[in-house]
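Nothing in this text is a laboratory measurement; each read-out follows from the coordinates by a stated rule. Since the structure is predicted, the reported quantities are computational estimates derived from the model, not experimental observations. Cβ coordinates were reconstructed from backbone atoms using ideal geometry, including for glycine residues, and neighbour counts include every protein chain displayed.
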Amino acid sequence: MTNTTTVPFRPFINKNISLLWLGQLVSQAGDSITHMAVIWLMLDLTGSASLTGFIAFAATVPALLFGLFAGVLADHYRRRTLMLISDIARFLLILLIPIFFTMDMLSPLLLAVIVFLSASFGTLFNPSRDAIIPELVAGDQLLKTNALMQSTGYLAYFVGLFGAGMLLNTLGITNLFFMDSATFMVSFILIFLISYQRKDRKIQTFENRHLDELKKGLHYVWAQDRRLFWIILITALNNFFIMGPAVVGTPLLIKEVWDGSGQDFAFIESSYGIGMLLATILVYQLRRRYKKGTWLMLGLIYDGITFIPLFWVGSFNIDPFWFTLIIIFVHSLGIPFIQVTRTTLVHSIVPGDMQGRVFSMINLAVIGVMSISVAFTGIVAEWISPRTIFLFIGIGATLSGMLGISMKTIRDAD
């Protein structure tokens, strides 16, 4: 651990966190563009709800397939190196999308393959990034650092999608992928400049025992700290209900209710970023009122309740664009209470040499379960209105949070 961890908290804490922060700001802005552009590009190419769900499935299923092993790698290899590999691979893969499009070779299947490969390398990044933070800052700075890093993602989400909405009519949707590809190269350069000594010495002794190490991680969650088991299970339930409609249902809602455009989609999605950024301040200000486990479950309940009003989009003679944008903004205010609190909770209660695996399990519960949710939503949306889907998933997600808050061991986790 570097001696910079003894420096009192400042907005960017130390040089390494500053580099990580800036790299995340740029690359996550690009990620937000791809998140929007891939979905809308497939919807434009095919007009199919099920194929739109399929491309979202291709972007998320790698977390289900490789996420746990990515956590093992993050606990035993240099986390900075894994992030560098992830960035350079995604730079090259995303660059292929506009190249193949200009050559009139971009089929829905080829787009799905590229997205799948890019997401596969992406599974290395998040557990490595989350697990490297305690190596860069002192323990009493973790909540502030996690709030800073999460707010980076929220700011990037807003900047990327709002910028995409402004540029979409000028550049065209496929040219946005050139911008996204460049952001991964910027992130690569900034992360390359991070310099620190890793405290964990298992790097030198690890000898391809990936499966054994994975079993140790699973055993730790199952037998040694059941709070983590329930947190991961409830996270998975919540994301099964929420993520499919959030990713696939929203563009279908925009198309179905008012025949909206990709620009409408980009602007509505950008409201997530500004709402989450503002709510991060609340997380820090209110952190002492309840234990972290209580805040996490309250966030999950709010997550579900605030999606239910989308059932009434297009009603009450209210402009559907503004109605949807306001609901999404209100919904986004609860997300930091889930993400920031959950990350800090893991940093607080999980040993450092186990954090990569635990974060990979959480990533599996979020992104991996999302892959099932988006595929299911795409199929169901062929027969059921997106508005009706939002009603049912909002109720289901609310109930999952209520399950967690009913458990004292979860409420008291801190």
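Quick notes on this structure:
- In this structure, LEU278 and LEU109 have a Cβ-Cβ separation that, at R0 = 35 Å, corresponds to a calculated FRET efficiency of about 0.30.
- Projected onto its three principal axes, the C-alpha set of the chain covers 57, 51, 40 Å, listed from the longest axis down.
- Approximating the spin labels as points 7 Å out from Cα along Cα→Cβ, the SER385-to-SER261 distance works out to 2.6 nm.
- Hydrodynamic radius of segment 68-122 per Kirkwood, over alpha carbon pairs, in Å: 12.3
- On Cα atoms only, tilt of 15-46 relative to the major axis of the chain in degrees: 30
- Whether segment 67-177 is rounded, prolate or oblate, judged on the alpha carbon gyration tensor where a/c under 1.5 counts as rounded: oblate
- Using θ = phi - 60° in the Karplus curve 6.51 cos²θ - 1.76 cosθ + 1.60, the 3J(HN,Hα) couplings for segment 324-331 round to 5, 4, 5, 5, 5, 4, 4, 4 Hz; x is entered for Gly and Pro.
- 222 nm mean residue ellipticity, helices alone, for the chain (DSSP H n ≥ 4; -39,500 (n - 2.57); rounded to 500): -25000 deg cm²/dmol
- Charge dipole (the chain, unit charges on Cβ, about Cα centre) - positive-most of LEU233, GLY293, LEU193: GLY293
- Between the helical axis of 176-192 and the longest alpha-carbon principal axis of the chain there is an angle of about 10 degrees.
- Calculated P(r) of segment 309-414 - Cα pairs past 22 Å, %: 49
- Counting only Cβ charges, +1 for Lys and Arg and -1 for Asp and Glu, the dipole size of the chain around its Cα centre is about 1600 debye.
- Over segment 223-341, the fraction of Cα-Cα pairs per 5 Å bin, rounded to whole percents and listed from the shortest bin up, is 2, 11, 19, 21, 18, 13, 8, 5, 2, 1, 0.
- Cα long-axis angle, helix 335-349 against the chain (0 to 90 degrees, to the nearest 10): 20
- Per-residue HN-Hα couplings for segment 269-278 [Karplus 6.51, -1.76, 1.60; θ = phi - 60°; Hz; x = Gly/Pro]: 5, 5, 5, 4, x, 5, x, 5, 5, 5
- Listed by chain and number, the aspartates and glutamates placed with their C-alpha closer than 16 angstrom to that of LYS144 are ASP130, GLU135, ASP414; residues fewer than eight positions away on the same chain are left out.
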